[in-house]
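Student: Please find one structure pasted underneath; my questions will follow.
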Amino acid sequence: MNPLRYFIDTHDRADGTFPEKLSPEEFEVFFVQYQQACQAEGVVPIKIHLSYDEGRAFCLNLAEDAEAIQRAHQRLGLPFDSITEITTATPGDTFFRRPAAAGEIPRKY
């Protein structure tokens, strides 16, 4: 098995890739189906950020490649706007991967 990488896929009502109306209860039913489709394709759903009012979703997944995420979406007939490979940028990822130089003072932004 190849290492898994992070991907974000996007959905937007304005582009027809998010339902016109979606309740939290409907999303719960859908998410179970999404998890099953992901499992069949070797995709690990991590987190979905969504706005019911705005009609947008940003889905964070782990997968070998973007094609696996695309296949999971196809299993459900779920359209998407984009699938983008990402890296994380938390303080642990960005700042703690190297030792701080002696006397280094963090910059204020």
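Student: Limited to region 45-74, what total is found for residues that are farther than 21 Å from K21 by Cα and surrounded by 13 or more Cβ atoms within 10 Å (Cβ to Cβ)?
Tutor: So the answer is 13.
Student: Take I105 and tell me if it is of a type in the set (A, V, I, L, M), out of contact with any helix residue (DSSP H, G or I) (no Cβ under 6 Å at 6 or more places or on another chain) and modelled with pLDDT under 95. Talk me through it step by step, then tell me what you get.
Tutor: On the way: of a type in the set (A, V, I, L, M): yes; out of contact with any helix residue (DSSP H, G or I) (no Cβ under 6 Å at 6 or more places or on another chain): yes; modelled with pLDDT under 95: yes.
Taking the combined requirement at face value, the residue satisfies it.
Student: Looking at region 10-28, which of its residues are of a type outside the set (K, R) and loosely packed, with under 10 Cβ neighbours inside 10 Å?
Tutor: So the first thing to find is which residues in region 10-28 are of a type outside the set (K, R), and the list is 10-12, 14-20, 22-28.
E20, P24, E25, E28, listed by residue number.
The values are calculated or read from the model by the stated rules, or taken from the named source; none is laboratory data. All values derive from a computational prediction rather than experimental measurement. Every residue, glycine as well, gets a Cβ built from its backbone with ideal geometry; the counts of neighbours run over all protein chains shown.
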